[in-house]
Every structure is written in structure tokens, then in C-alpha cells.
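Accompanying notes for the structure given below.
Read-outs throughout are calculated quantities, based only on the coordinates presented, and are distinct from any laboratory measurement. Please read these numbers as outputs of a predicted model, since none were measured by experiment. In this analysis, Cβ positions are derived from the backbone assuming ideal geometry, glycine residues included, and neighbour counts consider all displayed protein chains.
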Amino acid sequence: MIESVLTAVPEAVGQESHVTDSYNADKIQVLEGLEAVRKRPGMYIGTTGPKGLHHLVFEVVDNSVDEALAGHCTEIEVVLEPDGSVTVTDNGRGIPTDVHPKTGKSALETVLTVLHAGGKFGSGGYKVSGGLHGVGVSVVNALSEWVQVTVWRNDCEFTQRYERGAPVSDLRPQKQEGDRRGTAVRFKPDTQIFTLSTEFEYGTLAGRLRELAYLNAGLNIVLCDRRGETEVQEAFRYEGGIREYVGYMNREKEPVHPDCLYVRGERDNVQVEVALQWCADTYNDNILGFANNIRTIDGGTHLEGLKAVLTRTINGFARKLKKLKDSDPNLGGENIREGLTAVISVKVPDPEFEGQTKTKLGNTEVRGIVDSFVGEVLSEYLEFHPAVAATIVDKAIQAFNAAEAARRARELVRRKSALESSTLPGKLADCSSRDPAESEVFIVEGDSAGGSAKQGRDRHYQAILPLRGKVLNIEKSEDSKIYKNAEIQALITGLGLGIRGEEFNVSQLRYHKIILLADADVDGAHIRTLLLTFFYRYQRELVDRGFIYIGCPPLYKLERGKNAQYLYSDRELQAHLATLPANANYTIQRFKGLGEMMPQQLWDTTMNPETRTLKQISIDDAAEADRIFTVLMGDRVAPRREFIETYGSKLSLTELDI
Ligand code: 0RA
């Protein structure tokens with residue numbers, strides 16, 4: 001309906017909304033719609049924690065990116081304002097401001113107040129905002145204390161203000177000099193909704209904006225933080241698109257061929273873009289899939305197509321180059337993907353997202369399109385670059401041979417080791433529940449902390465697995481050595497992890513919360529890092545699917561008369577001390593380690609779901625994650641040390657407070 005208005009009715013600059021019955025009825029309906037969003041924000045943005053908060057920014061940015069995808073926008077600027085609001089500005093066409101004669105409302109007001117109204121305008125095209133996130137700017141409006149919109153269009157600057165979803169001013173036009181076009185949406189998240197925190201984290205925003213810039217070659221995205229004393233600004237713009245993305249992910253690695261293999265084009269209305277580069281010094285693959293700029297963590301048809309065509313093409317070249325004999329079996333897909341860093345980005349007119357988290361691309365036609373299109377371009381490239389083809393084939397054959405050797409070693413170990421038997425490790429204090437969904441396991445360093453945790457826990461659903469000493473760095477170890485290591489065996493059998501490199505089987509997992517509990521010092525950070533790396537490299541899905549958590553023990557106990565208070569950081573301690581009267585009498589106890597805590601204390605502060613803080617490890621910035629683990633587990637000691645000291649407890653993965 002609005003579409004026809006856009007073309008049929010000239011924009012009525014400054015036209016008063018004439019009030020009719022239908023306008024009033026409409027308005028009530030609209031406000032009820034937004035009221036529903038305020039009542040159940042989780043239904044629209046998943047959570048009112050940090051993830052949902054940042055989602056607001058991405059929602060607005062996605063709309064600007066859609067303008068870029070439609071070819072009308074080249075710049076997006078995100079400003080973190082000193083007052084806690086955010087402004088997202090683009091140089092697109094500007095949200096239409098013409099007034100609908102029936103409703104008396106401008107298109108702009110419709111976009112801001114009607115759920116999902118944004119999508120009604122577009123004339124096809126590839127939309128980010130129609131996909132996974134696509135809840136619309138109206139949701140941002142509903143969840144903001146206020147929104148200030150500015151549109152530059154038709155030689156005018158239009159402004160309008162909203163409070164908690166409702167317009168509080170008319171759409172005001174003002175003649176402007178020059179021919180500026182675009183939209184600015186400034187909003188302040190509502191503290192009534194985001195009760196935990198309304199503070200945006202620079203790193204979280206920078207990670208996604210960088211990703212968007214890689215995925216949309218040439219688009220200029222600027223992030224500016226005006227909250228501190230000095231302004232911080234970063235511009236993300238990559239003419240090379242995902243080719244540069246792969247280069248960025250590989251910058252700590254050793255590529256075996258200098259240039260990224262790159263495929264880009266369109267077939268049957270589906271845009272396909274792929275960048276590939278193999279590296280020598282890593283056993284894993286790191287393949288990121290995107291559909292309409294949305295990261296598809298659970299894969300889908302685009303990744304299936306890519307994997308199939310890689311396996312077929314590289315096997316074809318292996319035979320053609322006589323590196324495989326006729327009698328040899330084919331190289332496995334996993335051999336061919338070893339050491340591969342890849343990004344595949346498809347843009348599909350009507351994407352279907354499947355799975356529990358809607359992060360799996362379902363469009364079946366995409367599989368064949370990717371397979372045939374990438375196959376043609378890749379084969380031609382390798383024909384003309386036989387040295388590159390030979391290098392990739394050699395690498396895959398090496399991987400094949402190593403996998404065979406590892407399999408034989410594993411068979412040997414398996415027969416003898418606890419892996420084969422179903423006995424749980426002796427030091428595991430299991431819980432009585434057999435329902436993994438409600439069960440949690442605390443992985444605790446050292447026997448004394450393990451003892452306190454065992455006594456303090458709720459044994460119905462809390463298990464304790466004490467580990468002694470440092471976990472083996474699996475990145476640098478042969479499989480045979482891994483399976484012989486006692487701590488790793490305990491982890492594998494105790495948690496139900498299965499075999500490295502084999503398909504993850506969630507039904508085997510014995511606990512859906514795996515909680516790492518280490519001291520709040522540098523040693524603790526190191527142990528946590530080794531464990532996280534173990535999970536990430538051994539079975540990455542554990543991390544991707546949000547099973548891994550970090551427990552947060554307190555650093556201080558402050559006693560004042562009969563009152564005791566636990567504090568979890570130096571900052572928290574200082575903040576608390578500042579609230580005390582100058583003449584207050586108090587004592588401060590600093591916990592040197594978990595082992596010093598009484599069982600009851602450990603329960604109260606760290607284990608009791610009612611009072612504890614858990615941080616869920618989630619990888620929003622997949623490129624960073626892979627690089628971080630490469631740095632952490634690689635051969636270079638200096639960057640690792642520096643990293644652990646800076647990020648020991650943070651890991652620059654987003655840790656969500658839950
Ligand atoms: C509806 C229709 C058109 C553009 C937009 C919405 C639009 C929305 C946002 C949100 C942030 N920036 C935006 N830029 C544009 C098409 C307008 C036309 O046909 O002129």
C-alpha cells in the first residue's frame with residue numbers, strides 16, 4: 001500500500017497530519033504494537049543483556065547497509081555520544097517523508113512505529129534487515145528512552161523526536177542548502193528495559209562493523225567514540241572485500257600460496273563471493289559463511305556447496321598432476337580443508353534461515369549454484385596457476401597421511417585408554433541428575449579448591465572436575481600424545497566430548513553448562529586460556545553453541561559490623577569504598593585463590609545460580625577468535641604473554657553477563 005503512495009503522491013512538505021477516525025484507530029494499534037515490544041523485549045531482540053543492547057545499533061546499521069546494497073549509500077557513521085546515546089548516519093536516499101492521506105502519517109513515522117514496516121518499501125533486492133535481525137527500526141524506537149531522526153531529502157532537512165516509541169513532535173521540514181541526502185537515527189537505550197547496563201562496548205561494535213565493511217567491499221564505515229576525554233575514531237573500508245578479510249585472519253599465519261583465490265559473480269539472482277587461502281602452520285580449517293551479511297554459524301547450503309566443490313576440484317587436480325595414482329583413494333574433504341581459511345558470502349533475494357538459532361541457510365538452490373559457479377572459476381584459475389594447484393594438493397596429501405597415522409595411533413591408544421571404556425574419571429564428583437540440560441560441571445584448578453567446591457555445591461545438578469596442573473597445548477601435540485594425557489582424558493570422558501575432529505554430538509554431552517573456575521590472577525587467566533583453547537580447537541561447537549562459561553569468584557570480602565559484602569574487582573571495591581562514610585570501620589579480606597574460600601563462601605559467591613555471575617563465552621567476532629587462538633597457541637611467546645596479560649580474563653570474545 002505504501003509503495004503505491006511513494007510513487008503516486010508527491011511529498012507533501014510540512015503537510016499537517018489531518019486527524020481522522022482511522023488515524024486515531026491506527027495510532028492506538030501502533031502504540032499497542034510497540035507496547036508489546038516493551039513488555040516482551042526478549043521476543044524481539046533475544047535478550048535485554050549486552051547482546052540485545054548492541055543489537056539495537058546493528059538493527060539501525062543493517063537498514064543503512066540495505067541502502068548500500070541497493071546502491072544508494074557509500075558511507076555509514078556510528079557515533080557513541082557522551083550522553084550514552086548512539087547516532088547512526090548514512091548518505092542513502094533518506095527514509096521517505098511523504099504523508100499517507102489515509103493514515104495522515106508519514107512513511108517515516110510508519111517505519112518508526114509499525115513493526116516490520118521497513119520491509120514493505122523495498123522493491124526486492126538483497127536485504128540484511130529482512131533476514132535474521134529484521135525486527136525493524138520500530139523495535140529500536142520502542143526500546144529507547146528517546147529517538148531523534150533526521151532525514152535529508154528533497155532539499156530539506158526533516159526532524160522528528162520520539163519518546164518510548166511515541167512521536168512527541170511533528171515531522172519538521174527545514175529548507176537546506178546543498179543536496180545532502182541520507183538518514184541519521186540517534187537513540188538512547190531505555191534503562192527501564194536494559195536494566196543490567198546501557199553502556200555500549202566499543203570492541204563489540206567495532207567487530208561487527210569491521211565484518212560488515214569486509215562483506216561489502218568499498219563501503220566506508222566509521223566508528224567514533226566520544227564518551228571519553230579524547231575522541232577515538234576508526235574507519236573500516238576494504239576495497240578488496242572478503243579477500244582482505246581472509247588476509248586479516250591469516251596475518252599471524254604462514255600462507256602456502258601468496259594470493260587469495262577469489263571468486264565473485266552472480267548466477268540465477270544469487271550473488272556468490274568466495275575467498276580462499278591455505279596456510280602451513282595450522283591443522284584446523286576456519287571457514288566463515290555469510291548469507292545476506294548475516295553470519296551463518298550453523299552452516300547451510302552455501303557451505304555444503306563450497307565443501308563439495310573443493311573436494312571434487314582438488315581431487316581432480318591431484319589426479320591430473322599425477323600426485324594421486326588411479327588406485328589411490330580420494331583425499332577426504334577434511335584433508336583438503338586442513339589449514340584453509342575461507343570466507344563465503346552469498347546474497348540471496350529471499351533467504352530462509354533454519355535451525356534453533358536461525359543461523360543456517362536453507363535455500364536448496366544455493367548449494368548447486370555455489371558448486372557449479374565456484375567449480376568453473378576455481379578450475380580455470382588452477383589451470384593457469386599450476387604451481388598453486390600443486391602446493392594445495394601437496395598440503396592435502398600431507399594432511400591425509402598425517403590423519404592416517406593419527407588414526408592408527410588413536411586405535412592403539414583407544415584400546416588401552418579410558419576413551420573406550422565408559423568409566424568416568426575417578427576425580428569427577430558427578431551430580432545425581434542425568435539430565436544434561438539442567439546439569440553443570442565446574443572445572444576447578446587444584447585439589448584444595450576442588451575440595452571446597454565439592455562441599456559447597458548442590459550435588460543434585462552440580463558436578464566438580466578438579467584438574468591438576470596445566471592442560472596440554474593441543475595445537476602443538478600429536479593425537480597420540482593428546483589421548484594419553486591424563487587431564488585431557490578426564491575432560492573427554494568426564495564431559496562426554498567424543499573424538500577430536502569428528503562430528504560433534506550434543507546428545508553425548510553430559511552437562512550443558514561447562515563452567516571454568518580459576519583464580520582471579522594471571523595464573524588463573526593462563527589456565528582458563530588453555531582450557532578455552534582446548535575446547536575451541538578440540539570441539540569448536542562447544543564454544544559456538546554457548547556451552548562454555550566462566551565462573552567469577554570474588555576478589556575481596558569487606559566486613560563492616562555485621563554486614564559482609566563480596567566484591568569482584570578492584571574497581572568494584574573502590575566504588576564501594578567511596579560510598580562509605582569517612583569514619584567507617586571496616587576490614588577487607590583479599591582472596592588469594594579459590595582454595596582459601598570456605599565451601600559456604602564459594603557457594604554464596606560463585607556457585608549459587610541466584611547470586612553468582614557467569615560469563616558465557618560467545619564468539620561474535622569469529623575472525624578475531626581464530627586469530628587469538630593462533631596467537632595464544634602458536635610458537636611466538638612474546639605476543640602470547642602480552643595477550644594473556646592484557647586480555648587474560650577477557651579474551652576479546654564477548655563475554656555475556658547472564
Ligand atoms: C524505506 C524506503 C526507502 C528507503 C528507506 C526506507 C531507508 C531506511 C533507512 C533506515 C536507515 N537509513 C535508511 N535509509 C533509507 C526508499 C526511498 C526511496 O525510494 O527514495
Starting from 0.36 nm per residue, how many nanometres of slack lie between GLU376 and HIS116 once their C-alpha separation is accounted for?
89.6 nm
To the nearest 0.05, the calculated FRET efficiency linking ASN401 and ARG267 through their beta-carbon distance, R0 being 22 Å, is 0.05
In whole angstrom, how far apart do the alpha carbon centroids of region 43-67 and region 349-382 sit?
26 Å
Could you tell me how far the Cα centroid of region 443-463 sits from the Cα centroid of region 222-295, in Å?
43 Å
Return, ordered by residue number, the residues of region 167-181 whose backbone nitrogen is under 19 Å from a label point located 7 Å along Cα→Cβ of GLU81.
167-174
Computed label-point distance, nm, for sites GLU35 and ASP521 using a 7 Å Cα→Cβ extension
5.7 nm
What does the C-alpha gyration tensor say about the overall shape of region 439-538? Classify as rounded when a/c is under 1.5, otherwise prolate if a/b is larger than b/c, or oblate.
oblate
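Could you tell me whether region 305-460 comes out rounded, prolate or oblate from its Cα gyration tensor? Rule is a ≥ b ≥ c as square roots of the eigenvalues, rounded for a/c under 1.5, then prolate if a/b exceeds b/c, otherwise oblate. Don't skip to the answer; put the middle values down first.
Working: a/c = 3.35, a/b = 1.70, b/c = 1.98.
Oblate.
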With the crude spin-label approximation of a point 7 Å out along Cα→Cβ, what separation in nm comes out for GLU231 versus THR579?
3.5 nm
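If R₀ is 35 angstrom, what is the calculated FRET efficiency for the pair TYR586 and TYR202, using the beta carbon separation as r and rounding to 0.05?
Values: r = 35 Å, r/R0 = 1.00.
That gives a FRET efficiency of 0.50.
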Reachable lysines, given that their alpha-carbon falls under 19 Å from the alpha-carbon of LYS253 and they are not under 8 places away in the same chain
LYS395, LYS476
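Length gain on complete extension for the stretch ASP435 to GLU163, per 0.36 nm per residue less the alpha carbon to alpha carbon distance? The partial results should precede the final answer.
Values: separation 272, 0.36 × 272 = 97.92 nm, distance 4.56 nm.
Gain on extension, ASP435 to GLU163, equals 93.4 nm.
Suppose R0 equals 30 Å. What FRET efficiency, 1/(1 + (r/R0)^6) with r the Cβ-Cβ distance, do PHE384 and GLU334 give to the nearest 0.05? Don't jump to the answer; show the numbers that get you there.
Values: r = 27 Å, r/R0 = 0.91.
Using R0 = 30 Å, I get an efficiency of 0.65.
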Taking 24 Å as the cut-off for C-alpha to C-alpha distance, list the pairs among LYS454/LYS562; LYS51/LYS105; LYS307/LYS347; LYS307/LYS484 that go past it.
LYS454/LYS562; LYS51/LYS105; LYS307/LYS484
Taking only C-alpha positions in region 508-608, Rg and Dmax in angstrom work out to 16.9, 58
In region 438-471, whose amide N lies under 17 Å from the spot 7 Å out along Cα-to-Cβ of THR611? List them in ranges.
452-459
